[in-house]
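S.K.: Handing you this structure, nothing more for now.
The values are calculated or read from the model by the stated rules, or taken from the named source; none is laboratory data. Nothing here was measured: the structure is a model prediction, and the numbers come from that model. Cβ placement follows ideal geometry from the backbone for every residue including glycine, while neighbour counts extend to all protein chains displayed.
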Amino acid sequence: MNKLSVLVVEDEININDIIKHYLEKEGYIVYQSFDGKNALEVFDKHNPNIIILDIMLPDILGTQVCKEIREKSNAHIIMLTAKSDEASVIEGLNIGADEYLTKPFSARELVARVNAISRRISKDNENFDNIYFFNNNELIIDCNKYEVKKSGKLANLTATEYKILLTMAKYPNKVFTREELVVCSFGYDYDGIDRVIDAHIKNIRQKIEDDVKNPIYITTVYGIGYKFSGESR
């Protein structure tokens, strides 16, 4: 049985209960919140692996909840939004969301997303013996702790940002297309906008590069995609 935990933050009781029901059938531990303030309290108490977070909440916006969670955790955050335009999606990713799901959606689709995330978490946990060092230890990717350090300080990457960086760092100087990074980050069944990778790359650079305009770790290969250019120890 799956032992990962999920926090469902949705003010519509019926929707929240339906999501809880479907996830519990899959074996997840499910916590419920119906407003932003309580969501933050539940998160601090239980530290769930995955958060399903509606943007429109009765007290504070889900975007603010997302920001506060992201300041202290790299738990995977799925934003629920009624807006499907690319600008809204990019905005959500820039504040720390890992992916989005547009309303209305089916509970089965949401569960499929959560299951895909669960598989990636389990696969990542198989790599616990690996620690990667780059540029005279200026950048360290520690798979034991599932964290990244830049110049000795913790770079607070989201789960998706971490996955993208780790995938690229394993294959220095290999050029990845956006489509390849979508597959490694979200899975083959992802049907979103592949340009969201650009937003994730931008966020990663802000956290690990000294000069985002002249990056030395993640460089752009114009017309194709990106590659990791860090020098391993």
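S.K.: Do any helices (runs of 4 or more DSSP H) entirely within region 25-125 hold 1 or more residues that are exposed (fewer than 13 other Cβ atoms within 10 Å of the Cβ), and if so, which?
M.R.: Numbers: elements: 36-46, 62-70, 86-94, 107-125.
Filter on region 25-125 gives 36-46, 86-94, 107-125.
S.K.: Take T63 and tell me if it is farther than 23 Å from Y162 by Cα, β-branched (V, I, T) and without any contact (Cβ under 8 Å) to a residue 60 or more places away in the chain.
M.R.: On the way: farther than 23 Å from Y162 by Cα: no; β-branched (V, I, T): yes; without any contact (Cβ under 8 Å) to a residue 60 or more places away in the chain: yes.
Spelling it out, it is not the case that T63 is farther than 23 Å from Y162 by Cα, β-branched (V, I, T) and without any contact (Cβ under 8 Å) to a residue 60 or more places away in the chain.
S.K.: I'd like the full set of residues that are closer than 29 Å to N137 by Cβ and either surrounded by 15 or more Cβ atoms within 10 Å (Cβ to Cβ) or modelled with pLDDT under 90 (or both), limited to region 219-233. Break it down stepwise before answering.
M.R.: If we filter region 219-233 for residues that are closer than 29 Å to N137 by Cβ, which is where we start, we get 219-221, 225-233.
If the condition is that a residue be closer than 29 Å to N137 by Cβ and either surrounded by 15 or more Cβ atoms within 10 Å (Cβ to Cβ) or modelled with pLDDT under 90 (or both), then T219, G225, Y226, K227, F228, S229, G230, E231, S232, R233 are the ones that fit.
S.K.: Let me ask another. Assuming R120 fulfils every condition listed in (1) at pLDDT 90 or above; (2) closer than 26 Å to P215 by Cβ apart from one, which condition is it?
M.R.: Checking R120 against (1) at pLDDT 90 or above; (2) closer than 26 Å to P215 by Cβ, the one that fails is (1).
S.K.: Restricting to region 147-176, what's the tally of residues that are in a strand (DSSP E or B) and out of contact with any Gly (no Cβ under 7 Å at 6 or more places or on another chain)? Quick ask: steps written out before the conclusion?
M.R.: Pass one, region 147-176, residues in a strand (DSSP E or B): 147-150, 153-155, 175-176.
Narrowing further to those that are out of contact with any Gly (no Cβ under 7 Å at 6 or more places or on another chain): 147-150, 153-155.
Of the residues in region 147-176, 7 are in a strand (DSSP E or B) and out of contact with any Gly (no Cβ under 7 Å at 6 or more places or on another chain).
S.K.: Here is a follow-up. Is it true that some residue in region 197-218 is at pLDDT below 90 and on the phi > 0 side of the Ramachandran plot?
M.R.: no
Yes/no per residue for (1) over 20 Å from the mean Cα position of the chain (by Cα); (2) not polar (S, T, N, Q):
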residue	(1), (2)
L4	no, yes
N16	yes, no
K25	yes, yes
Y31	no, yes
G36	no, yes
A39	no, yes
V42	no, yes
H46	no, yes
I50	no, yes
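S.K.: Which one of these is out of contact with any helix residue (DSSP H, G or I) (no Cβ under 9 Å at 6 or more places or on another chain) and either surrounded by 17 or more Cβ atoms within 10 Å (Cβ to Cβ) or free of Cβ contacts under 8 Å to residues at least 60 places away in the same chain (or both): N144, N137? I'd like the intermediate steps shown before the answer.
M.R.: On the way: N137 fails: either surrounded by 17 or more Cβ atoms within 10 Å (Cβ to Cβ) or free of Cβ contacts under 8 Å to residues at least 60 places away in the same chain (or both).
Residue meeting the stated conditions: N144.
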